[in-house]
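Would you mind keeping the following structure in view while I ask a few things?
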Amino acid sequence: MKQDIDQASDIQRYPLGKRYAIDDRVFRYARAGGTLNTDLGAKNALLQCIAFTTIHASVSAGATQVSIDVAAGDGVLNNGVIGVDELAGGYIVIYPHSENSFVRRIVKNTATTGAGEMTLTLDKPLPCALTTVMHAECIASIYSNVTSVNNGFMSIVGVPTVPATVGQYLWIQTWGPCWIAPHGGVGKNDSDMAAYFGGDAGVIQGDELNPAGTSVALTNQYAGFVLASAKDNGQGAPFIMLQIAP
């Protein structure tokens with residue numbers, strides 16, 4: 001391997017999101033958007049990059065490029081500025097209205113410096129023709145800006161294998177036996193084996209989300225299940241079966 005799972009690099013050596021599987025574990029290649037802590041989940045720090053927008057120019061079925069309109073409030077900084085290939089590895093959903101909506105992976109994109117036109121290159125041909133009355137939405141790669149922060153509005157996309165700082169590239173685990181800093185009750189109660197992510201990116205157990213025992217649905221992100229509880233029935237979950245992306 002050019003970069004082992006236990007290494008962080010200042011140089012990008014693989015495409016973002018590249019999948020690597022070993023034994024029972026699966027990893028994805030990611031870029032740190034902030035400090036990463038191996039004891040906590042890594043969150044996707046990007047909001048939706050391009051909101052509901054219009055197709056800029058008509059295009060025939062079978063094309064692999066599409067132009068869309070970028071608004072002045074789109075982009076990471078809400079100023080319409082999006083760099084070349086900043087959306088690569090992300091996804092576009094297109095609403096043809098007369099047809100069913102469909103999703104394509106973004107291979108590359110042109111830059112914008114404010115409100116204006118952007119051309120996207122897609123991984124597969126369009127199933128139907130598009131016109132300027134149709135709409136689309138885009139997200140960047142969920143692995144392009146990950147960080148360990150206490151923010152309940154960000155989804156966790158993996159667990160860092162090594163500490164990393166802003167701009168470094170690393171592997172994050174998305175599936176298999178894993179250790180994440182647990183809250184005190186994880187795996188402690190009888191048959192309470194499910195683990196969820198808390199806002200602090202550590203793992204919490206189901207009863208902690210619903211201490212009153214009411215019928216309120218669990219809304220936290222599911223992390224996986226306890227592999228082995230502590231022998232003394234005290235602090236549980238030294239390991240969980242992480243279940244984010246197989």
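Working only within the stretch 1-18, note down all residues that are more than 19 Å from Lys108 (Cα to Cα), surrounded by fewer than 17 Cβ atoms within 10 Å (Cβ to Cβ) and touching a Lys or Arg at 6+ places or on another chain (Cβ under 6 Å).
Across the stretch 1-18, the qualifying residue is only Lys2.
So Tyr143 fits all but one of (1) surrounded by fewer than 16 Cβ atoms within 10 Å (Cβ to Cβ); (2) aromatic (Phe, Trp, Tyr); (3) within 21 Å of Arg13 (Cβ to Cβ); what number is the exception?
For Tyr143, the exception is condition (1).
Moving to a separate point now. Only one residue in Glu117, Glu99 is surrounded by fewer than 18 Cβ atoms within 10 Å (Cβ to Cβ), among the acidic types (Asp, Glu), out of contact with any Pro (no Cβ under 7 Å at 6 or more places or on another chain) and not in a loop (DSSP other than H, G, I, E, B), so which one is that?
Only one candidate passes the filter, namely Glu117.
Tell me yes or no: at least one residue of the stretch 150-162 is outside the structural domain of Val70 (by TED's automatic domain parsing), out of contact with any strand residue (DSSP E or B) (no Cβ under 7 Å at 6 or more places or on another chain), of a type in the set (Phe, Trp, Tyr) and part of a loop (DSSP other than H, G, I, E, B).
For the stretch 150-162, residues outside the structural domain of Val70 (by TED's automatic domain parsing), out of contact with any strand residue (DSSP E or B) (no Cβ under 7 Å at 6 or more places or on another chain), of a type in the set (Phe, Trp, Tyr) and part of a loop (DSSP other than H, G, I, E, B): present.
Would you mind finding the one in Val166, Val107 that is at pLDDT 85 or above, in a loop (DSSP other than H, G, I, E, B) and over 18 Å from Ile244 (Cα atoms)?
On inspection, the qualifying residue turns out to be Val166.
Being in a loop (DSSP other than H, G, I, E, B) and within 17 Å of the chain's Cα centre (by Cα) is the filter here, so list the residues in the stretch 173-205 that pass it.
Scanning the stretch 173-205 gives Gly198, Gly199, Asp200, Ala201, Gly202.
Among the residues of the stretch 16-31, write down those that are assigned to a loop (DSSP other than H, G, I, E, B) and touching a strand residue (DSSP E or B) at 6+ places or on another chain (Cβ under 7 Å).
From the stretch 16-31, those assigned to a loop (DSSP other than H, G, I, E, B) are 16-18, 23-24; that's our starting set.
Result: Leu16, Gly17, Lys18, Asp24.
For the stretch 32-68, how many residues are buried (at least 20 other Cβ atoms within 10 Å of the Cβ) and either among the hydroxyl-bearing types (Ser, Thr, Tyr) or not in a loop (DSSP other than H, G, I, E, B) (or both)?
Summing the residues that are buried (at least 20 other Cβ atoms within 10 Å of the Cβ) and either among the hydroxyl-bearing types (Ser, Thr, Tyr) or not in a loop (DSSP other than H, G, I, E, B) (or both) in the stretch 32-68 gives 9.
The values are calculated or read from the model by the stated rules, or taken from the named source; none is laboratory data. Here the structure is a predicted model, which means the values were calculated and not measured. Cβ: placed from backbone, ideal geometry, glycine included. Neighbour counts: every protein chain shown.
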